[in-house]
Amino acid sequence: MGAGRRVCRTRPPSRRFAGPHRWPSYDAAVSISGELQRARQLALAAKEEAAKELLLSLGPEIERQDRDDLALEVFAQLGEIYLNRTAYDGTQECVRRIEDCLAKYSKNSSGSEVEHMIAHYSLRAHFLRVGLAAAAHRRIGAYSKGMRQRLGLAQALIGAPDILFLDEPTTGLDPGLRRGFYEILGQLRDRGVTVLLSSHALSELQGNVDRVLVLNRGSLIADGSLSALRDLAHLPVRISVRAAHSLAELGPDWQKLGEGCAARLCEFGDKLTVLKTLLPQLDPADTLEIDEPSLDDLYAHFLGEEAGQ
């Protein structure tokens, strides 16, 4: 398969994950394909450490044979093991190795065997990215709702689209996978992919989107960056301070909340003016909090404004 060139190597993905490691001895007379199947069976039997050691032991012989197809299977299985152990950095490194290898073949993918290899391991890499590796061989009907969401994302990514439409994509995802999902979106954005995401989970969108469109019954009622929407809404900003000492008279707009504690509301555009007055009275150990209107606040504001028209 390697056609005389080694395009990826089978060293442990990182010393951080493989640990201080000596290659175990390997009997070249034993079929590598058979050993890969045995590693799969060990992992399914929850003997992941033994499976990992077996996979790593195959490295030197696979390198000697210059078999990239076998190397890809090693990285795919190692990625699943790291994923099941929540060693997500290890999984990401395996995905990177798979994609680096496939990228060099994709430039010259003539031949059905090579095309099948690219399609198969591209799919395995996508499943690893969204945490589906452990369920990749189960019937879709047995998937949980969260699993179905991850499968949908994997299917959407397979075609390397220029524009990606996602509807409530994080429903059913746990916090770790939700964070990984937005990391994937960030990578797609960096590649120039346009992602249109429809969601009611507004709090998790903050910091993850460049532009927000607010719709009501199919009509567009607000459009812009989060900062632009805040300027447009004119919702107040809440500034609160907790000082280790008594604060001087701050003015009638401030509400005292206890010894050394006070808060006030101000217009979004007046925030810097208020802070310039406040900061000279604070010590480095004091606490200052600025609560700007959230995306939930903005959504409620624009829908309320629309209803009042």
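Within the stretch 113-131, restricting attention to residues that are part of a helix (DSSP H, G or I) and in contact (Cβ under 8 Å) with a residue 40 or more places away in the chain, which residue is nearest to the chain's Cα centre (by Cα)?
Across the stretch 113-131, the extreme among qualifying residues is R129.
Pick out the one residue from L265, L257, L213 that is of a type outside the set (G, A, S), touching a strand residue (DSSP E or B) at 6+ places or on another chain (Cβ under 7 Å), closer than 30 Å to G152 by Cβ and assigned to a strand (DSSP E or B).
When all the criteria are applied, what remains is L213.
Hey, could you check the stretch 16-55 for residues that are among the polar types (S, T, N, Q) and in a helix (DSSP H, G or I) and say which is modelled with the lowest pLDDT?
Per the stated criteria, the residue is S33.
Within the stretch 223-253, can you find the residues that are over 24 Å from H301 (Cα atoms) and part of a loop (DSSP other than H, G, I, E, B)?
A243, A244, H245, S246, L247, A248, E249, L250, G251, P252, listed by residue number.
Please state which one of L173, L157, L151 is under 30 Å from M117 (Cα atoms) and in a loop (DSSP other than H, G, I, E, B).
Criteria check complete, one pass: L173.
May I ask you to say which residue of E63, E80 is assigned to a helix (DSSP H, G or I) and either in contact with a Cys (Cβ under 6 Å, 6 or more places away or on another chain) or under 17 Å from S122 (Cβ atoms) (or both)?
E80
Would you say V241 is surrounded by 14 or more Cβ atoms within 10 Å (Cβ to Cβ) and under 30 Å from L164 (Cα atoms)?
The answer is no for V241.
Within the stretch 139-151, is even one residue within 19 Å of the chain's Cα centre (by Cα), at pLDDT 75 or above and under 20 Å from R96 (Cβ atoms)?
Scanning the stretch 139-151 turns up no residue that is within 19 Å of the chain's Cα centre (by Cα), at pLDDT 75 or above and under 20 Å from R96 (Cβ atoms).
For the subset of the stretch 84-109 comprising residues that are more than 23 Å from S33 (Cβ to Cβ) and among the aliphatic types (A, V, I, L, M), which member is surrounded by the most Cβ atoms within 10 Å (Cβ to Cβ)?
The qualifying residue surrounded by the most Cβ atoms within 10 Å (Cβ to Cβ) is A87.
The values are calculated or read from the model by the stated rules, or taken from the named source; none is laboratory data. Since we're looking at a predicted model, the values are computed, not measured. Cβ: placed from backbone, ideal geometry, glycine included. Neighbour counts: every protein chain shown.
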